[in-house]
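S.K.: Let me begin by handing over the structure; questions about it come next.
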Amino acid sequence: MDLDDLRSALAGTAGGGWLAEALDRTAGEPGAVGRLFAAAGRRVGRAPLTAGWSADEAARALLLAALPADLVAERAETLYRFGDAAEKRAVLKALPLLPVGAAAVPLLHDAIRTNDTRLVAAAVGPYARHLDRAAWRQAVLKCVFMGLPLAVVDDLDARADAELAVMLGGLVEERRAAGREVAADAVDLLARLTAGAPAGGPAGTDARNEA
């Protein structure tokens with residue numbers, strides 16, 4: 001999913017005229033993005049759109065992308081910090097589509113600390129490639145703890161490693177000892193890792209995230 005896909009999915013929907021004007025205004029008057037970002041849910045609706053995106057999330061991602069490149073990271077942080085849950089989630093989902101590099105990683109850390117499953121799920125999407133190994137492993141465990149399906153974790157099989165297996169094994173054992181159910185996908189991941197299946201690799205497999 002990229003920005004062109006989101007534009008296409010929004011074409012012809014209710015609020016399309018408003019969005020076109022909002023994008024032009026954001027490009028020429030970046031200070032207006034806060035009001036427009038907040039209004040997106042009312043103006044384009046919140047209906048499911050495509051590939052897990054809702055109309056308001058897609059519109060908000062496009063608004064962020066319409067900002068001058070040197071302002072995107074700063075405004076994304078501000079909109080996340082002062083937004084409601086839906087606005088925060090839209091920022092998190094938009095991050096991999098924006099020219100922010102690793103500058104927005106603190107937003108992932110904040111989202112992962114919450115108990116909002118929607119925010120945690122958004123935080124372990126494609127932009128989570130910028131998380132270092134330790135933070136990423138903790139995020140995966142948070143998903144298991146909260147009962148989120150591990151399918152929400154982007155690039156899970158490529159990044160899962162022996163250290164995650166140890167941590168996951170401890171969590172599974174702890175939950176079973178307490179008489180709590182363990183999700184099947186967590187048990188399956190642990191089995192793959194401990195059996196040496198291709199769900200992971202040596203510690204250096206994801207060295208790009210340690211840079």
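The values are calculated or read from the model by the stated rules, or taken from the named source; none is laboratory data. Bear in mind that the values here come from a model prediction, so they are computed numbers and not experimental data. Every residue, glycine as well, gets a Cβ built from its backbone with ideal geometry; the counts of neighbours run over all protein chains shown. We work out accessible area using only protein heavy atoms, side chains counted, and drop any ligands, DNA or RNA first. Shrake-Rupley method; radii C 1.70, N 1.55, O 1.52, S 1.80 Å.
Residue-by-condition table, conditions (1) over 13 Å from the mean Cα position of the chain (by Cα); (2) aromatic (Phe, Trp, Tyr); (3) open to solvent by less than 40 Å² (accessible area, probe 1.4 Å):
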{"site": "89", "(1), (2), (3)": "no, no, no"}
{"site": "92", "(1), (2), (3)": "no, no, yes"}
{"site": "95", "(1), (2), (3)": "no, no, yes"}
{"site": "106", "(1), (2), (3)": "no, no, no"}
{"site": "137", "(1), (2), (3)": "yes, no, yes"}
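S.K.: Spot the failing condition for residue 56; the list is (1) touching a residue at least 40 places away in the same chain (Cβ under 8 Å); (2) closer than 16 Å to residue 87 by Cβ; (3) among the charged types (D, E, K, R), and only one is missed.
M.R.: Looking at each condition in turn, residue 56 falls short on (1).
For every residue, the table says whether it meets (1) aromatic (Phe, Trp, Tyr); (2) open to solvent by less than 30 Å² (accessible area, probe 1.4 Å); (3) within 23 Å of the chain's Cα centre (by Cα).
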position: 15; (1), (2), (3): no, yes, no
position: 20; (1), (2), (3): no, no, no
position: 24; (1), (2), (3): no, no, no
position: 34; (1), (2), (3): no, no, yes
position: 50; (1), (2), (3): no, no, yes
position: 58; (1), (2), (3): no, yes, yes
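S.K.: Given the conditions (1) at pLDDT 95 or above; (2) open to solvent by 40 Å² or more (accessible area, probe 1.4 Å); (3) not β-branched (Val, Ile, Thr), report the number of the one that residue 66 does not fulfil.
M.R.: Exception for residue 66: condition (2).
S.K.: Another question, then. Give, as residue ranges, the helices (runs of 4 or more DSSP H) completely inside the stretch 82-191 that count at least 1 residues that are acidic (Asp, Glu).
M.R.: 85-94, 105-113, 156-159, 162-177
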